[in-house]
Amino acid sequence: MMFRCVPVDTTVAERFRREGRDDRGGALRRMRASGSGFPCRHCLQLATEGEEVLLGSYDLPRPRGIYWTPSPIFLHAGPCERFRQDDVLAPVVLRNPLVSVRAYDAADQCLYALGEVCDGAMAEVPLLRALRHPDTAFVNIHTARPGCLLTRVEKPG
Ligand SMILES: [Zn+2]
């Protein structure tokens, strides 16, 4: 195994759906997907036309400290299966036209030299370059324009 996309925990997705509140205490926005701009951070699939989705603010587990940030995320409003596939880049990344690959070390310091902005369909090359670097502990992939987290990516061990 070279890498694994790590979606939002199922417990977090279920809490959002059950309580209608996000990690900042704000009310979730309920919407219907139109077009391809509604990536669910739990199944890591794009919501299909007309599917109901929730929009809220998510507290990223990592990086901690100086680089920590919350992120707007969409989730399917109903139950969906958490993405689990090894060595497969998530559809929400592959289908996004401009993503930002951000590498961090074990102390949650951003490794600027390993960062890359590119078409999501081409993101595996900079992702693997970052993951193979001995300093990299994990990678977060964001949308490059609004800057929202798409998925964390971890390497084995
Ligand atoms: Zn989903």
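The values are calculated or read from the model by the stated rules, or taken from the named source; none is laboratory data. Keep in mind that what you see is a predicted model, and the values were worked out from it rather than measured. Every residue, glycine among them, receives a Cβ derived from its backbone with ideal geometry; neighbour counts consider all protein chains shown. Please note that ligands, DNA and RNA were not included when accessible areas were found on the heavy atoms of the full protein model with its side chains. Shrake-Rupley method; radii C 1.70, N 1.55, O 1.52, S 1.80 Å.
The table below lists the values:
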item	result
Candidate set: segment 133-147, residues that are of a type in the set (S, T, N, Q) and not in a loop (DSSP other than H, G, I, E, B); chosen: the one nearest to GLY157 (Cα to Cα)	ASN140
The one condition in (1) within 22 Å of THR48 (Cα to Cα); (2) in contact (Cβ under 8 Å) with a residue 60 or more places away in the chain; (3) not charged (D, E, K, R) that ASN96 fails to fulfil	(2)
Options ARG84, ARG129: the member that is in contact with a helix residue (DSSP H, G or I) (Cβ under 8 Å, 6 or more places away or on another chain) and among the basic types (Lys, Arg)	ARG129
From the options ARG132, ARG95, ARG102, residue that is within 18 Å of LEU60 (Cα to Cα) and basic (Lys, Arg)	ARG102
Tally of residues being among the hydrophobic types (A, V, I, L, M, F, W, C), within 8 Å of the ligand (Cβ to nearest atom) and more than 15 Å from GLY26 (Cβ to Cβ) across segment 73-85	1
Check on GLY37, assigned to a loop (DSSP other than H, G, I, E, B), closer than 24 Å to LEU98 by Cβ and either in the same structural domain as ASN96 (by TED's automatic domain parsing) or free of Cβ contacts under 8 Å to residues at least 12 places away in the same chain (or both)	yes
Criterion (over 30 Å from GLU19 (Cβ atoms) and either within 16 Å of the ligand (Cβ to nearest atom) or not in a helix (DSSP H, G or I) (or both)) met by exactly one of ALA103, ALA130, ALA113	ALA103
Tally, over segment 22-34, of residues that are assigned to a loop (DSSP other than H, G, I, E, B), exposed (fewer than 13 other Cβ atoms within 10 Å of the Cβ) and either small (Gly, Ala, Ser) or within 10 Å of the ligand (Cβ to nearest atom) (or both)	3
Tally, over segment 1-21, of residues that are more than 16 Å from the ligand (Cβ to nearest atom), under 26 Å from PRO97 (Cβ atoms) and assigned to a loop (DSSP other than H, G, I, E, B)	2
Counted residues, segment 40-72 - those being within 16 Å of the ligand (Cβ to nearest atom), touching a residue at least 60 places away in the same chain (Cβ under 8 Å) and either outside the structural domain of ALA13 (by TED's automatic domain parsing) or open to solvent by 30 Å² or more (accessible area, probe 1.4 Å) (or both)	1
Segment 1-18: number of residues that are of a type outside the set (Val, Ile, Thr) and exposed (fewer than 12 other Cβ atoms within 10 Å of the Cβ)	2
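Results for (1) over 16 Å from ILE141 (Cα atoms); (2) over 15 Å from the mean Cα position of the chain (by Cα); (3) modelled with pLDDT of 95 or more; (4) not polar (S, T, N, Q), shown as yes or no for each residue.
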| site | (1), (2), (3), (4) |
| --- | --- |
| ARG41 | no, no, yes, yes |
| TYR67 | no, yes, yes, yes |
| PRO72 | no, no, yes, yes |
| GLY78 | yes, yes, yes, yes |
| LEU89 | no, no, yes, yes |
| LEU94 | no, no, yes, yes |
| ALA107 | yes, yes, yes, yes |
| GLU124 | no, no, yes, yes |
